[in-house]
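Working notes for the structure below.
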Amino acid sequence: MQVKSNANTSYAILGAHRLQDTQEQQKIRIKRGIKYPCYDKDLRINDLQLLQLEKPVKLNKFVSLLPLPKNEENIAARKICSAAGWGISDLRKRTTSDVLREVKLAIVDNKVCKKEYSKKEKSITDSMLCAGAPNKKHKADTCAGDSGGPLICDGKYVGLVSFGPNDCGNPKLPGVYTRLTNNYLKWIQNTIGGDYSDIYRL
């Protein structure tokens, strides 16, 4: 799902591979955003938000469900996962992609991630996951414009793009993702009335 704003109105665009208007896309007004309680924009703690759409989404071959896990997943370090989005893919131009892109990432041990980010005076908590390039010889990362996108491991939705270094792809500073903890999953369930089917592909 891509979010676009026009004047004072925001829209969710679903079923998009390219951002140009196509017949497959569904453009639906966002009725409201519901942030997780105690979100801290400076520390990026509790970086999670639900979007309530003005009308139901039509499921088809272009728009499908991405089920949430029933319980928090324990992801081992070095596990290969993937993320997707329309964020910046060229740091020199600093322009976002007009095509949905996917990147393979390896989970980084939280202790290692905490140590590296402590040098930048940033905190990594247990409600976060870190992931970077599987091969240190290559750059692989999410970047600005990918925030809120899914982190998928073994076909399961385990996290959301949160933040990372300004020089995306930095081998010493992996990207950081909001981990879908049991507390977050319970909040999502309570907020949407216990029906996971209302959470659509990001």
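Hey, which of these cross-link pairs are over 30 Å Cα-Cα: K122/K186; K93/K137; K35/K156; K137/K186?
Exceeds cut-off: K137/K186.
Could you derive backbone 3J(HN,Hα) for segment 107-121 from the dihedral phi with the Karplus parameters 6.51, -1.76 and 1.60 (θ = phi - 60°), listing whole Hz in sequence and x where the residue is Gly or Pro?
For segment 107-121, the Karplus curve yields 5, 9, 3, 4, 5, 5, 5, 4, 4, 5, 6, 5, 5, 9, 6 Hz.
What value, in deg cm²/dmol to 500, does the helix sum -39500 (n - 2.57) over DSSP H runs of n ≥ 4 give at 222 nm once divided by the residues of the chain?
-2500 deg cm²/dmol
Please list E116, E102, E121, E24 in order of solvent-accessible area, largest first, computed with a 1.4 Å probe with all protein chains present.
Solvent-accessible surface, decreasing: E121, E102, E24, E116.
Give the label of the value calculated from the structure for semi-axes √(5λ) of the Cα gyration tensor in Å, choosing from (1) 25, 25, 15; (2) 26, 21, 16; (3) 30, 19, 14.
Looking at semi-axes √(5λ) of the Cα gyration tensor in Å for this model, the match is (2).
Would you list L43, L53 from the most to the least accessible area, probe 1.4 Å?
Output order, biggest surface exposure first: L43, L53.
Could you compute how much accessible surface D90 exposes when probed at 1.4 Å, giving the result in Å² to the nearest 10?
Estimated to the nearest 10 Å², D90 gives 40 Å².
Send over a whole-number figure in Å² for the accessible area per residue of segment 10-122, probe 1.4 Å.
The answer is 69 Å² per residue.
May I have the convex hull volume per residue, in Å³, for the Cα set of segment 77-148?
It comes to 110 Å³ per residue, whole-number rounded.
Pop out the carbon and sulfur fraction of the accessible area of the chain as a percent, whole number, probe 1.4 Å.
Details: 5610 of 12140 Å².
With neighbouring chains kept in place, the figure for the chain is 46 percent.
Only sites in a loop by DSSP and with at most 11 other Cβ atoms within 10 Å count here; which trypsin sites (Lys or Arg not before Pro) in segment 47-153 make the cut?
K58, K61, K70, R78, R92, K93, R94, K119, K120, K136, K137
The values are calculated or read from the model by the stated rules, or taken from the named source; none is laboratory data. Remember, it's a predicted structure, so these values are computed and weren't measured experimentally. Counting neighbours? That spans all protein chains shown, and the Cβs are built from the backbone with ideal geometry, glycine included. Ligands, DNA and RNA are stripped out before the accessible areas are found, and what is left, the full protein with its side chains, is counted by its heavy atoms. Shrake-Rupley method; radii C 1.70, N 1.55, O 1.52, S 1.80 Å.
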